[in-house]
Every structure is written in C-alpha cells, then in structure tokens.
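To start, the structure itself, in structure tokens.
We did not get these values from a lab; they are worked out from the coordinates using the rules stated. Quick caveat, the model's predicted, so the values are computed rather than measured. Neighbour counts run over all protein chains shown; Cβ positions are idealised from the backbone, glycine included.
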Amino acid sequence: MDWTFIIKTGVSLLAILNPLGAIPLFLGLTKGMDATSRRKTGRSASFAVATVLVVAVWFGEDILEIFGVRIASFQIGGGVLALLMAIDMLQARLSPAKQTREEAREAGSRESVGVVPLGIPLLAGPGSISLAIVGAEQAPGMPEKIGLTVAVVLLGLITWAVLRAADPIGRVLGQTGINIITRLMGLVLAAIAIEFIATGMASLFPGLLG
C-alpha cells in the first residue's frame, strides 16, 4: 500500500474542497433555518461530496474514454482549472468555477440547498472531480485505489463535521481566520496544479521537458 500517494492525493482534494472556506456560504445559505434543518443540510452536502468523488474515482476514467479524452490532456485541463481556482483562493474569493453570480442568486431562492449548490458545485466542483479522476488514474494498484476511496469518504466526514460545527468555528476563526486558511490551501493547490500540468505536458510531449 502506497500511503504516500494516498495522503498526497487526499491532501490535494482537501485543499480544493476547503470546507472551512465554505462556512460563510453555508451560514448564508442556511440563514433562517432551525438547528435540525441546518444539520440536515450539512449532512446532505457532505453525502453529495463523498458520492460524487467516489463516482469520479471509479468511473471517471471510463467516462473520459467514452469521449475520447486522453488522461494526459485531462491532467493539463484539470491542472489549469485547479490553478485558476488556487489564484482565486489566494485572493480569498470564491472562484467562478464553483459558483457564478446567477447561481448564487438562484441558490438564495432554494428551499433545499444541501446537494445543489452547496454539495455540488460549491464543494465537489469541477476542480475536485478532476483531481479525483487523475488521482485514480495514477493509483499504482487496486489497494491504492481502494485507499483513495476511503480517503474520499473521510473527506466527506470531515466536511460534515466542519459544517455541523459551522457556527462555533465561524465565531472562533472569524472571516479573517477563514481567509488565512483559504489562502494557505490556495498555495498548496497552486503547487499541486503546476505539478499536474507538468506531468500532463511530459506525457503528451515526451521530448519537451528533456
């Protein structure tokens, strides 16, 4: 079992999910809800995150094959997307890849926001799905792929725990604390994105990097 691979991929996904950074959005979308409804919304969002990423791990590569997309091309595309999201995170702002203004306005009118837009695409969006697919393709063997699946489920549980404690965490960290964590996650994600792009370029153009 390659634990280094599993931990590295898990940290990458945690950085792009950034559940702490989603706390202000969660509190805004659940404003006016009672405690029971808010917990139910957090649980739905976390379940959606785990489900989408597990599907990406096990079936993402098959979906790419249907459309004739090479994994190296997907690595570059996913890396560019992750880099753009990292740049937004470094500026402590929500990336348009996660939610546009129109989607934000529509979300405000939804009675149930747990799965959409909170779970998808605010948490499990194009960037995290891309990382999950590429990570699964790079898994050295079946034990690592199963380990990655377990890591994804754990990320869902972490997301649930963070959203469940959103009120006290938000009070302790404040917006400044959340922004600092978001920027640190953005820095990690930027480094990972560059690595993805370099790996994809090396696969598509073997002679380009030496």
How many angstrom lie between the Cα centre of the range 114-162 and the Cα centre of the range 170-201? 16
If you plug each phi of the range 113-123 into the Karplus form 6.51 cos²θ - 1.76 cosθ + 1.60 with θ = phi - 60°, what whole-Hz ³J(HN,Hα) values come out, in order, with x for Gly and Pro? 10, x, 7, 10, x, 5, x, 10, x, 4, 9
Multiply the residue gap between Ile146 and Leu204 by 0.36 nm, knock off their C-alpha separation, and tell me the result in nm, one decimal place. 18.1 nm
Under Karplus coefficients 6.51, -1.76 and 1.60, residue-wise ³J(HN,Hα) of the range 144-153 in Hz, glycine/proline x: 5, 5, 5, x, 5, 4, 4, 4, 5, 5
Among Ser130, Ser37, which comes first, second and so on when ranked by fewest other beta-carbon atoms within 10 Å? Ser37, Ser130
Residue span Ile194 to Phe47: 0.36 nm per residue of separation minus Cα-Cα distance leaves a gain in nm of 50.0 nm
Listed values (1) 27, 20, 16; (2) 39, 22, 14; (3) 30, 18, 16, entry calculated as semi-axes √(5λ) of the Cα gyration tensor in Å: (3)
Taking 20-33, 147-160 and ranking on average Cβ neighbours within 10 Å, highest first, one gets 147-160, 20-33
Proxy reagent accessibility, fewest Cβ within 10 Å first, across Met1, Met201, Met142: Met142, Met1, Met201
